[in-house]
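Asker: Just passing along the structure, written as C-alpha cells.
The values are calculated or read from the model by the stated rules, or taken from the named source; none is laboratory data. Just so we're clear, the structure is a prediction, and the values are computed from it rather than from any experiment. For neighbour counting, all protein chains shown are included, and Cβ atoms are generated from backbone atoms with ideal geometry for every residue, glycine included. Note: accessible area is taken over every heavy atom of the protein model, side chains too, but ligands, DNA and RNA are not part of it. Shrake-Rupley method; radii C 1.70, N 1.55, O 1.52, S 1.80 Å.
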Amino acid sequence: MSLTLEKKTTRAIDEIRQIFGLSETRVARLFGVSRQAVDKWRTAGVPSIRVADVDRVLEIAHVFKRRLKAERIPQIVTTPAKGLNGNTVLEILERRGPEPI
C-alpha cells in the first residue's frame, strides 16, 4: 500500500467518525474490529483488504453530509428507520457492510 493511500484511509476513519458522530468504540464496531485495531489502522494504515470497506462507508458519510444538516446526521444514523425494517443505518452497516445501503 502506498504512503498516500495509507494517509488517505487514516483520514477517512477520522472523517467517518466526525460525520457520524461516533465514539472510537463505535467506529470499531462499524468495521467489525476492536478499538485497538482501529488505533493500529491510524498508525500503520488500513489493511488492504479493508480499504474498500472504509472507502464505501466514507462515500455513504459524504452522501449524508451533502444532503443533510451536519448536526442531524448522528441522530439520523442511530434512529431506527421503517425503510430498514426498524434497524438503524449503523446497525445495517455493522451487520452487512456498506453494500446494502
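Asker: Of all residues in region 20-40, which are open to solvent by less than 10 Å² (accessible area, probe 1.4 Å) and closer than 16 Å to GLN75 by Cβ?
Answerer: PHE20
Asker: Please specify each residue of region 60-101 satisfying the condition of being in contact (Cβ under 8 Å) with a residue 12 or more places away in the chain, among the acidic types (Asp, Glu) and open to solvent by 60 Å² or more (accessible area, probe 1.4 Å).
Answerer: Correct list: GLU99 only.
Asker: Turning to a different aspect of this structure: Can you work out which of the residues in region 41-58 that are exposed (fewer than 14 other Cβ atoms within 10 Å of the Cβ) and assigned to a helix (DSSP H, G or I) is modelled with the highest pLDDT?
Answerer: Restricting to residues being exposed (fewer than 14 other Cβ atoms within 10 Å of the Cβ) and assigned to a helix (DSSP H, G or I), the top hit is ALA52.
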